[in-house]
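Enquirer: I have a structure here, written as structure tokens, and I will follow up with some questions on it.
What follows is calculated from the coordinates using simple rules that are stated; it is not laboratory data. Being a predicted model, the structure only gives us computed values, none of them experimental. Cβ placement follows ideal geometry from the backbone for every residue including glycine, while neighbour counts extend to all protein chains displayed.
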Amino acid sequence: MKIKTKLRLGFGFLFVVVIFFGAISLYYMNKISVSSKVILKDNYESLRYARSMRTIIDENELPLSETAALRFAGQLHMEQRNITEKGETMAVKALEDAFRLMTGKSIGLSLQKQALKTAQVQLRIIDELNMNAIVRKNDQAQQGVERAATYLITAASFCFIILFSFSVNFPGFVANPLREFSEAIKEISRKNYKQHLVFNGTDEFSELAREFNAMTSQLNKWENSNLAKLQSEKLRIEAIIEQMQDAIIGLNEKKEILFLNQVAGQLLNMNVKDIIGANAQELVKKNDLLNQILAVSGNDKPMKIYADGKESYFQLERREITVPTYDEQQDQLLKQSMKTAGEVYILKNITQYKELDEAKTNFIATVSHELKTPISSIKMSLKLLDDERVGGMNVEQKELVQHIKEDCGRLLKITSELLDLSQVETGNLQLNFVKSDPRKIAIYAMDAVRFQAEQKSIELELISRNDLPKVNVDTEKTAWVLVNFLSNALRYSPGKSQVIIQIIVVGKNIEFSVRDFGKGIDEQYQKRLFDRYFQVPTDGNNKSGSGLGLAISKDFITAEGGRIWVESAIGEGSRFCFLLPIAD
């Protein structure tokens, strides 16, 4: 029996067991559902009609008004169409007669009152009949549920025993031959080419065993020849390249295709065997992707290629192949040098990491957006708490409220930075370019942090000319960068010091700079200062932020066509700067 047939029979058996258990489950679940519906359908409506008629006669005096009589008659008519229990017909008939007496124009008041009592009695009878029916049917339904649960537990136990037995025994049909093959292959790896396998039958394992035995015989013949050794090494290298998950293209010094693995062939839509040895310069005329790969040099941007049924991202790496050569000099000494023997192009599939990065960005954007609303609500509540009209607070309570305000502000700043970061990473950053006065941007930023500066008695000084040329930028984003520079400067500056904002013309650009006189930044941290989530280690006196402010500042300035950097030395303070081009 073929392995495919065995697998089909095995999985078919599993399928039948699952269908059997599912059918039993659906059958009993349907019975339970029907039993539950019957209770509500048969009796609940009768109770509702009786309650409505009782309400009408309780709320209205005799004789009944025309409106009340019509409402009562409507409910009575619906009850007549919903008789389900034994004895309910007589009660409804008696109720109908009583109603006829209650609404008769020639009937005396005393007879109407007797009819009213009769109607009330019949309504109670209808209630009792239906309530008893509900209890009875509920008991029946409960018994049905218990029976169904018993049947389901029995069926589940039966199916579990069958499936457990199947899962224990069936894998042996495939696993045992594979284990023998694995052990035989391990012997082959130890160069024991006399290893043979014996399988009785006509399935694929028997055929594979015969082919395996033929292979070991050939390997035994090749073992004692140098050609076999060379061929083995060549095949080993080719196998390594072929099994690589990355697309690999090798060219020799003549720009001929030296090797090409299957992944690269699939990406280029080329037959690997047909293009080995072909000239790459001729192939690029017919294949745009190959032309793009060979033309790219020193570009870190991922390439977008349609692969695996979707748009995938690949990182291209180009490596030069060099081999040692030996030149004989006049003094008969050999001098070793390196000679280019070709190039290797490697396309690494980074689609998974790109998707994960996009998922991370979307998650950060979603979480940040959702956090802004409750944080803003908390800030509003704190503002109300601080209002004397709500109620007074003692000194300790005011300090606690102030600390909460600071933490809320910090959280709101972090969420805003995360939202800005997600916009940059997803390419959704929107810039509103307008021609702006650099001094106005700086003054706006200084006004935003002036209260913070006054709390630490720090002087803010602006140095610039009045007739500065305008810059074509997003005013809000540029001011945000300056505010971030100033906030950092105020945070790390000592009290009663000075922060200098300077704006000067440098060639065809405007340079903005913020200078503080704090302790400065160590040189080892300056290169990473604009990296995302990086924070300079502190002594604990200054509360650090999210590590995103400077990274987002760099993205804003770069998007506006500018450049950003820092100048700092320990004990001399720091100077954060950025350049923006002058508007035409």
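Enquirer: So how far apart, in nm, are the two label points at ASP97 and GLN502 if each is 7 Å from Cα heading toward Cβ?
Expert: According to this spin-label approximation, the distance is 11.3 nm.
Enquirer: Once you order the gyration tensor axes a ≥ b ≥ c over the Cα atoms, which shape class does the stretch 172-224 get: rounded for a/c under 1.5, otherwise prolate or oblate by comparing a/b with b/c?
Expert: In terms of gyration-tensor shape, oblate.
Enquirer: Kindly put GLU511, GLU454 in sequence by how many other C-beta atoms sit within 10 Å of each C-beta, fewest to most.
Expert: Sorted ascending by nearby Cβ count, the order is GLU454, GLU511.
Enquirer: Give the peptides 117-128, 496-507, 11-22 in descending order of average Cβ contacts within 10 Å, highest first.
Expert: Result, highest mean Cβ count within 10 Å first: 117-128, 496-507, 11-22.
Enquirer: Related question: Amide H of ALA583 versus every other amide H placed in the peptide plane: which residues, excluding those fewer than 5 positions away on the same chain, fall under 5 Å?
Expert: Sorted by chain and number, the residues that satisfy this are LYS470, VAL471, ASN472.
Enquirer: Simple spin-label model, 7 Å along Cα-to-Cβ: VAL16 to ARG439 in nm?
Expert: 9.3 nm
Enquirer: Any of LYS477/LYS508; LYS440/LYS527; LYS477/LYS527; LYS508/LYS554; LYS221/LYS273 with alpha carbons more than 26 Å apart? Name them for me.
Expert: Distance filter (> 26 Å) returns LYS440/LYS527; LYS221/LYS273.
Enquirer: Taking the highest mean first, how do the peptides 58-68, 241-251 order by number of other beta carbon atoms within 10 angstrom per residue?
Expert: Ranking, from highest mean packing down: 241-251, 58-68.
Enquirer: Work out how much length MET78 to LEU384 would gain on full extension: take 0.36 nm times their residue separation and subtract the Cα-Cα distance, in nm to one decimal.
Expert: Computed gain between MET78 and LEU384 is 104.4 nm.
Enquirer: Let me know the shape class of the stretch 454-579, please: from the alpha-carbon gyration tensor, a ≥ b ≥ c as square roots of the eigenvalues, rounded when a/c is under 1.5, otherwise prolate if a/b is greater than b/c, or oblate.
Expert: Oblate is the answer for the stretch 454-579, as a/c is 1.5 or above yet b/c matches or exceeds a/b.
Enquirer: Hey, quick one: spin label on ARG236, modelled 7 Å out along Cα-Cβ, who in the stretch 184-201 has an amide N within reach, i.e. under 15 Å?
Expert: Under 15 Å, as judged by backbone N against the label point of ARG236, lie 188-192 of the stretch 184-201.
Enquirer: In nm, to one decimal, how far is the modelled label at ASN30 from the one at GLN402, with both set 7 Å along Cα→Cβ?
Expert: That separation, rounded to one decimal, is 7.3 nm.
Enquirer: For the stretch 507-540 and the stretch 173-220, compute the distance between their C-alpha centroids and round to whole Å.
Expert: 66 Å
Enquirer: Once R0 is set to 60 Å, what does the formula 1/(1 + (r/R0)^6) return for the Cβ-Cβ distance between ILE276 and SER376, expressed as a FRET efficiency to the nearest 0.05?
Expert: Step by step, r from the Cβ atoms, then E = 0.40.
Enquirer: Could I ask something else about it? Note the full-extension length gain between THR322 and GLU66 as 0.36 nm times their separation in residues minus their Cα-Cα distance, in nm to one decimal.
Expert: 81.3 nm
Enquirer: Same structure, new question: Quote the FRET efficiency, to the nearest 0.05, computed for ALA23 versus VAL168 with a Förster distance R0 of 30 Å and r equal to the Cβ-Cβ distance.
Expert: Once the sixth-power term is evaluated, E becomes 0.75.
Enquirer: Fewest Cβ neighbours within 10 Å first, please rank ASP584, ASP97 accordingly.
Expert: Starting with the residue having the fewest Cβ neighbours, the order is ASP584, ASP97.
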